[in-house]
Amino acid sequence: MAQKRQLITLLTDFGTADYFVAAMKGAAFTIHPEVDFVDVSHDIANHDIFAAAYNLRCYYNTYPRFTTHVVVVDPGVGSSRRPIFVMTDNYNFIGPDNGVFSYIYQLEAVNRVVHLTTDYYWRRPVSPTFHGRDVFAPVAAWHAKGIEPRRMGDEISDYVRLDAPTPKQVAPTMFKGAVIHVDRFGNLVTNFTEEHLPASRAATARLRVNGREIHSVVTHFAAAPPKEPFAYLGSQGFVEIGVFKTSAARALEARRGMEVDLAFSVAS
């Protein structure tokens, strides 16, 4: 019988110019040579926990059930921040307790969060600056080998959650939201969803960000007016703002965290 693949995904801010990712994989292979790594991205902006959390949200559930997702965007490495193992009904997550799993806590049924304290399952000696190699990768490999997370530490309930903004209705025909992510094309991902901007109301909608109004709501990029910002429902279910073949972030001088207004005209 063929052995079941042990999938471990990696999301980091390490880049690929240095040895960091290779060292993580080597530490895991030493424990369990049959693990199968997937490099999601190592190009998260340095120390950008919010970007890592959003990207994880976008891909984690496209993988087979029980995949282990390792995330190492960890500006607090070596401090009192805790290394954790998050178990849900469908997936496992390993990384720092710095809020990087905040969307997972919202979207998945969390069974257990374990503070990783049992150093038997770590690489020795442990560097205070490289827990990706010495803690997270070894723990993922030991789990792939069949070790239960409860043997690796103590269950906690006070894990860190990021303060993710949610849209607020401020008038019968107006909502206030925010840009929660800017992708590599410069598209602005807002926290509005189809609930706030249904297709039936697209013709009367207008969005405002950084003093610029967007009146066009389309279903795909090629349907947009040339050189003008437009809104559309993105693949993750959020309303996004783009400019065809250029960066909306640059064109609108917008960035993550900026307020976005969504309003609807009232028929006379």
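The values are calculated or read from the model by the stated rules, or taken from the named source; none is laboratory data. Model, not experiment: these values are computed from the prediction. Glycine also receives a Cβ, built like all others from the backbone with ideal geometry; neighbour counts cover every protein chain displayed. Just the protein is used for accessible areas: all its heavy atoms, side chains included, with ligands, DNA and RNA removed. Shrake-Rupley method; radii C 1.70, N 1.55, O 1.52, S 1.80 Å.
How much accessible area per residue does the chain have, counting only protein heavy atoms and a probe of 1.4 Å, in square angstrom? If you can, show how the numbers build up before the last one.
On the way: 13380 Å² over 268 residues.
Computed with neighbouring chains in place, this is 50 Å² per residue.
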Ellipticity estimate at 222 nm from DSSP helix runs (n ≥ 4, -39,500 (n - 2.57)) divided over the chain, nearest 500:
-4500 deg cm²/dmol
Counting only protein heavy atoms and using a 1.4 Å probe, what share of the accessible area of the range 1-88 belongs to carbon plus sulfur, as a whole percent?
54
Tell me, what ³J(HN,Hα) does each residue in the range 247-256 have, in order and in whole Hz, if you take phi through Karplus 6.51 cos²θ - 1.76 cosθ + 1.60 with θ = phi - 60° and put x for Gly and Pro?
8, 5, 4, 6, 5, 9, 6, 10, 8, 4
Apply the Karplus curve 6.51 cos²θ - 1.76 cosθ + 1.60, θ = phi - 60°, to the phi angles in the range 112-118 and return the couplings in whole Hz, x for Gly and Pro.
6, 10, 10, 7, 6, 10, 7
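From largest accessible area down, sort Lys168, Lys176; use a 1.4 Å probe on the protein chains.
The ranking, largest first, comes out as Lys168, Lys176.
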Counting only protein heavy atoms with a 1.4 Å probe and every protein chain in place, the carbon and sulfur fraction of the accessible surface of the range 111-268 in whole percent equals 50
The chain: relative contact order as a whole-number percent, Cα under 8 Å and 6+ apart
15
Under a 1.4 Å probe, counting only protein heavy atoms, Thr219 has an accessible area in Å², nearest 10, of 120
Relative to the longest principal axis of the chain, what angle (0 to 90°, nearest 10) does the C-alpha long axis of helix 20-31 take?
40
Enumerate the calculated ³J(HN,Hα) couplings along the range 183-197 in order (Karplus 6.51 cos²θ - 1.76 cosθ + 1.60, θ = phi - 60°), each rounded to whole Hz, writing x wherever the residue is Gly or Pro.
7, 5, 8, x, 6, 9, 8, 9, 8, 6, 10, 4, 4, 7, 10
Sticking to Cα atoms, compute the Rg of the range 32-133 to one decimal and its Dmax as the biggest Cα-Cα distance, whole number, in Å.
13.4, 36
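Could you sort the peptides 35-44, 53-62, 149-158 by per-residue average Cβ neighbour count (10 Å cutoff), highest mean leading? Intermediate values should be presented prior to the final figure.
Numbers: 35-44: 16.6, 53-62: 18.8, 149-158: 14.5.
Most protected by this proxy first, the peptides run 53-62, 35-44, 149-158.
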In units of 2.2 N^0.38 Å, what is the alpha-carbon radius of gyration of the chain?
1.14
